[in-house]
1. Pull up the range 597-607, narrow it to residues that are under 18 Å from residue 632 (Cβ atoms) and surrounded by 17 or more Cβ atoms within 10 Å (Cβ to Cβ), then point me to the one that is farthest from ligand 1 (Cβ to nearest atom).
2. Given the criterion in a strand (DSSP E or B) and touching a residue at least 60 places away in the same chain (Cβ under 8 Å), identify the matching residue among 599, 603.
3. Out of (1) closer than 30 Å to residue 316 by Cβ; (2) open to solvent by less than 10 Å² (accessible area, probe 1.4 Å), what's the single condition that is false for residue 530?
4. Just to be sure before I move on: is residue 474 assigned to a loop (DSSP other than H, G, I, E, B), modelled with pLDDT of 90 or more and closer than 22 Å to residue 152 by Cα in the structure I sent?
5. Would you mind stating whether residue 423 is touching a Cys at 6+ places or on another chain (Cβ under 7 Å), at pLDDT below 90 and either open to solvent by 30 Å² or more (accessible area, probe 1.4 Å) or within 16 Å of ligand 1 (Cβ to nearest atom) (or both)?
6. Could you check, for the range 442-450, whether at least one of its residues is under 18 Å from residue 352 (Cα atoms), part of a helix (DSSP H, G or I) and touching a residue at least 24 places away in the same chain (Cβ under 8 Å)?
7. Only residues in the range 124-140 that are without any contact (Cβ under 8 Å) to a residue 60 or more places away in the chain count as the first member; pair them with residues that are among the β-branched types (Val, Ile, Thr) and open to solvent by less than 40 Å² (accessible area, probe 1.4 Å), Cβ under 9 angstrom, at least 6 apart or cross-chain, and list the lot.
8. From 359, 321, which residue is surrounded by 17 or more Cβ atoms within 10 Å (Cβ to Cβ) and not hydroxyl-bearing (Ser, Thr, Tyr)?
Amino acid sequence: MPKIRISVLVPRPFAEPFDYLSPQELAPGTIVRVPFGRQEIYGVVWKRNEKAPAQALKAILEVVDVPPICEASLQFIAWMSDYTLTLPGQILKMVLPVVEAFEDLSKKRALPETRPPHPPHLSAGQQEAADCLRESLDRAQYQTFLLEGVTGSGKTEVYFEAIAHLLERQGQALILLPEIALSAQWLQRFERRFGFRPALWHSAVTEAQRKATFLALLKGEVRVIVGARSALFLPFPDLRLVIVDEEHDGSYKQEEGVIYHGRDMAVARARFSEGTCVLASATPSLETLANVEAGKYTPLLLPARFGEAEMPQVQMVDMRPLKMAAQTWLSPALRGALEETLARGEQAMLFLNRRGYAPLTLCRECGDRQMCPHCSLSLVHHKVQEKLICHHCGHMSPIPPQCPACQEVGTYTAIGPGVERIYEEVQTFLPEARCVLLTSDHLTTPKKIAACVQQIQNHEVDILIGTQIMAKGHHFPLLTLVGVVDGDSTLSGSDFRAAEKSFQLLHQVAGRSGREERRGKVLLQTFLPDHPLMQALVAQDRENFFALEAEQRQLHGFPPYGRLVAVILSGKNEGEVEKTARLLARTFPLHGKAELLGPTPAPLSYLRGKYRWRLLVKTEKGMAPQPLLRHWLLTRPPPVSVRVQIDVDPYSFF
Ligand code: ADP
Ligand code: ZN
């Protein structure tokens with residue numbers, strides 16, 4: 001007869017665990033199958049319940065035969081639910097992402113093949129940094145490092161040393177990469193260094209692999225996982241080392257569902273398991289630099305590029321005085337450099353962070369522009385599909401043969417360049433050059449990406465034309481010229497981080513050039529040659545630029561010198577969304593250290609068929625905004641037809 005009452009957290013959006021009866025004592029973290037409504041689901045024993053068992057309670061059905069989830073994971077669930085203002089069950093869902101795996105428990109798995117590892121000989125600077133990481137792992141106390149060094153300085157080799165050290169001892173390591181599906185080169189390097197393949201965790205991994213990895217991890221059989229931000233939540237039994245590569249990268253921010261920043265959660269996760277956390281970047285975020293300054297993170301600096309490689313020379317091309325021929329965007333200077341590079345038998349890359357053929361398609365008679373029917377956004381002309389596409393919701397429509405506004409025929413005209421149009425321009429003036437387009441529209445699967453990377457390595461390509469997906473991590477020895485088609489494109493908009501993000505992106509793009517003996521060159525086309533961003537890129541002066549940026553932030557109390565929480569309201573009924581936003585603004589509690597900005601319609605005021613309003617709460621740095629938000633938002637729940645999303649530490653402001 002079941003006697004003991006236990007509380008079980010289930011991966012469903014409820015604020016509290018549910019009570020069940022158990023025939024025996026079960027440790028917190030034990031995974032159990034329980035009846036839930038008419039379903040049977042998996043949950044986790046949350047805590048012992050002192051209350052007497054009641055007749056009406058249902059009994060648990062099964063104890064899953066894997067070790068309990070560790071204390072650190074449980075603490076992390078509770079903390080993160082508090083921090084992001086989401087329900088603990090929603091976090092648990094991310095911790096137990098493939099419960100179907102428990103049905104496969106009896107299946108046998110093949111052990112991974114191993115070959116002998118290939119440790120490199122480290123430079124003195126690398127050695128010093130690696131020693132610090134090894135010592136930290138030996139101490140087994142929480143510590144976070146910022147591993148900083150220009151692209152190509154050897155950061156990857158340094159954190160590989162930390163992984164090697166861990167593998168000689170105990171525990172698990174997690175490495176987060178910003179675009180793991182694009183990381184074939186990185187994985188090859190890992191395999192060569194360690195002689196085995198790490199387990200992978202990202203959206204392109206098959207269900208069967210995910211199940212196998214998940215079970216093996218729970219049982220402590222997996223030592224190293226390389227993944228996207230979702231890998232953070234896996235129930236590592238003994239996570240000792242967490243590495244966040246390119247820590248400044250915006251793709252660590254999850255914007256849907258449970259909203260969080262993967263880098264910040266990684267630091268927290270390491271803290272709960274007394275682990276070592278390494279944030280690696282050539283252009284750290286201001287948030288991380290502020291934490292270094294405050295003494296919370298330990299800086300490790302690699303001063304120069306590894307070996308003979310020098311940083312590329314960055315030259316500005318002032319576009320203002322140029323009389324460009326119609327429908328061309330490559331300056332004579334850039335065209336000349338492309339020709340010279342190809343003549344030397346080297347490779348070049350043209351960077352433009354704009355997918356598609358043209359950002360805007362207008363009727364040349366009446367100026368009508370094609371908008372997405374579900375979003376307040378212009379549709380973008382794509383040549384591959386020969387369609388107009390919405391970059392937010394994916395809506396596609398044919399290019400209208402006749403303007404619906406003025407009835408003229410054949411008047412739709414492409415305005416401005418996207419990468420596909422730059423490709424066209426290059427093909428016209430260098431018809432012999434072998435070009436390839438690198439965008440998420442053309443490289444749709446990891447396989448295609450790997451094949452393309454191989455082609456570039458084999459020198460079957462002369463000119464790479466791409467968006468930011470090519471900015472990350474790749475190492476092509478023959479690539480010596482990078483042309484930035486529009487250096488100004490990411491500066492506009494309402495984002496207070498625009499300059500910082502532009503610097504990070506453009507520095508990273510520039511870093512693709514001249515990675516070995518041949519010195520690289522970067523041509524930066526701009527209409528804003530006096531802008532501090534352009535000056536900093538030419539002088540390669542990260543420090544001065546960021547100091548200037550920090551000053552601005554400090555002045556306005558923006559992160560990292562103050563805190564922000566965004567509240568986004570959305571719904572089908574425009575009036576109701578607005579009314580709710582205004583009501584919330586009126587009921588915002590008076591507080592000396594917090595202020596409310598807004599409400600205003602969101603920059604994207606209509607998205608996927610819903611109207612959107614935003615409020616922004618700004619607090620002083622020392623103040624945790626969560627209690628205030630909880631109090632404010634819970635006292636007057638919004639109507640069910642209005643969705644409220646809370647974004648603690650927002651990163652985008654659309
Ligand atoms: P980062 O991660 O800072 O961009 P990497 O670790 O990728 O730099 O190093 C840049 C290049 O230098 C890579 O090709 C890498 O293999 C090489 N490299 C770095 N450190 C060493 C080393 N100690 N021995 C041999 N090659 C190295
Ligand atoms: Zn849309």
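1. That would be 599.
2. Every option except 603 fails the conditions.
3. It fails just one condition, (2).
4. The answer is no for residue 474.
5. no
6. no
7. Within 9 Å, the pairs are 127/158; 130/158; 139/276.
8. Within the list 359, 321, the selection yields 359.
The values are calculated or read from the model by the stated rules, or taken from the named source; none is laboratory data. Bear in mind that the values here come from a model prediction, so they are computed numbers and not experimental data. Glycine gets a Cβ as well: all are built from the backbone with ideal geometry, and neighbour counts include every protein chain shown. Note: accessible area is taken over every heavy atom of the protein model, side chains too, but ligands, DNA and RNA are not part of it. Shrake-Rupley method; radii C 1.70, N 1.55, O 1.52, S 1.80 Å.
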